[in-house]
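*Asks:* Handing you a structure now.
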Amino acid sequence: MEVLVTGGDTDLGRTVAEGFRDAGHKVVIAGARRDDLEVAAKELDVDSIVFDNTDPESLEAARGQLPYHLDTIVNVPAPLWDAGDPRTYTLADLASAWRHALDATVLSAVLTVAIAGDHLRSGGTIINVIPESPRDGSAEAAIKAALSDWTAGQAEYFGTRGITVNAVASGKSAEPGYDGLSSTPPSVAAEIARLALFLSTPAARHITGQTMHVSRGALANFG
């Protein structure tokens, strides 16, 4: 299986790529930060493509480097702006926070699917990742809702080619110490990587258009 993981220049993207690589798949990672991406590619022993998937021109320039055939696309956000403390925001800061959250999580997935979606084989998989459990009323919460809705719409579109499209989100986790939890539960990144891997298998062909939470068994509220 051939897999493209964006956000390969982040810790989460690297963890997801590592999970697919360890499962025996051919992985290509992509990201905007060349130095971080090249380090990750070398340590994982995978190929890499440098592009900013919030920038149409950068994506167009990298089009020819994309694998001709893909089985899975995993869109991992790579925020390029430090939001800081919302309590200190000016009006301009607030506008920047919303624009950057939209670009990093939604626009990046939209543009990547637009340029790489035709490379997917029938029976392939698209997975859109929401790495944080957002605070109610925050820009991130609104962006999560937008990505979830877009994911559901893309599932209907790509379903004509037998391609599933789902979102994987971080939920509110169970507290350590309850029965059923190990003393050292897996990290959120590891849980996201395992769920993304499962969604790319034949066992998950019946799941599409969904937003699924990793939360160590705790009920996750949508929002």
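*Asks:* Tell me which residues come under 5 Å, amide H to amide H, from Asp47 once H is placed; ignore anything under 5 positions away on its chain.
*Replies:* Amide H to amide H, under 5 Å and 5 or more residues apart or across chains, Asp47 pairs with Val27, Ile29.
*Asks:* Could you give the alpha-carbon Rg of region 42-105 over 2.2 N^0.38 Å, rounded to two decimals?
*Replies:* Working: Rg = 15.9 Å, N = 64, 2.2 N^0.38 = 10.7 Å.
Ratio of Rg to 2.2 N^0.38 Å for region 42-105: 1.48.
*Asks:* Could you derive backbone 3J(HN,Hα) for region 162-169 from the dihedral phi with the Karplus parameters 6.51, -1.76 and 1.60 (θ = phi - 60°), listing whole Hz in sequence and x where the residue is Gly or Pro?
*Replies:* x, 9, 8, 9, 9, 10, 10, 10
*Asks:* Next question, about the same structure. Taking the solvent-accessible surface of protein heavy atoms with a 1.4 Å probe, what is the per residue accessible area of region 123-174 in Å²? Provide the component values of the computation, followed by the final result.
*Replies:* Working: 2010 Å² over 52 residues.
So region 123-174 comes to 39 Å² accessible per residue, rounded to a whole number.
*Asks:* I would also like to ask the following. Pairs of Cα atoms under 8 Å, at least six residues apart: use those to get the relative contact order of the chain, whole percent.
*Replies:* Here the relative contact order equals 19 percent.
*Asks:* While we're here: Taking the Cα centre of the chain as origin, work out the dipole magnitude from +1 charges on Lys and Arg Cβ and -1 charges on Asp and Glu Cβ, in debye rounded to 20.
*Replies:* 580 debye
*Asks:* Let me ask something else. Provide the gained length on full extension for the span Trp98 to Ala146, in nm with one decimal, where the gain is 0.36 nm per separating residue minus the Cα-Cα distance.
*Replies:* Using 0.36 nm per residue and subtracting the Cα-Cα distance, I get 16.0 nm.
*Asks:* With springs only between Cα atoms under 10 Å, which of Ala155, Ala109, Ala95 fluctuates most in a Gaussian network model of the chain?
*Replies:* Greatest mean-square fluctuation among the candidates belongs to Ala95.
*Asks:* Could you work out the helix-only [θ] at 222 nm for the chain, with each DSSP H run of four or more residues adding -39,500 (n - 2.57) and the total divided by the number of residues, to the nearest 500 deg cm²/dmol?
*Replies:* -11500 deg cm²/dmol
*Asks:* Same structure again: Tally Lys and Arg at +1 and Asp and Glu at -1 over the other residues with C-beta under 11 Å from the C-beta of Gly162: what net charge comes out?
*Replies:* On the way: positive: Arg121, Arg161, Arg205; negative: none.
Net of charged neighbours comes to +3.
*Asks:* Just subtract the alpha-carbon distance of Arg87 and Val39 from 0.36 nm times their residue separation and send over the number in nm, one decimal.
*Replies:* Details: separation 48, 0.36 × 48 = 17.28 nm, distance 3.55 nm.
Length difference between fully extended and current span is 13.7 nm.
*Asks:* Through the Karplus equation 6.51 cos²θ - 1.76 cosθ + 1.60, θ set to phi - 60°, convert the phi angles of region 10-19 into ³J(HN,Hα) values in whole Hz; use x for Gly and Pro.
*Replies:* Taking θ as phi minus 60°, the curve returns 10, 4, 5, x, 5, 5, 5, 4, 4, x Hz for region 10-19.
The values are calculated or read from the model by the stated rules, or taken from the named source; none is laboratory data. Fair warning: this is a prediction, and the values are worked out from it, not measured in the lab. No Cβ is skipped: glycine too gets one built from the backbone with ideal geometry, and neighbour counts run over all protein chains shown. Each accessible area value is taken on the protein alone, full model and side chains, heavy atoms only, with ligands, DNA and RNA left out. Shrake-Rupley method; radii C 1.70, N 1.55, O 1.52, S 1.80 Å.
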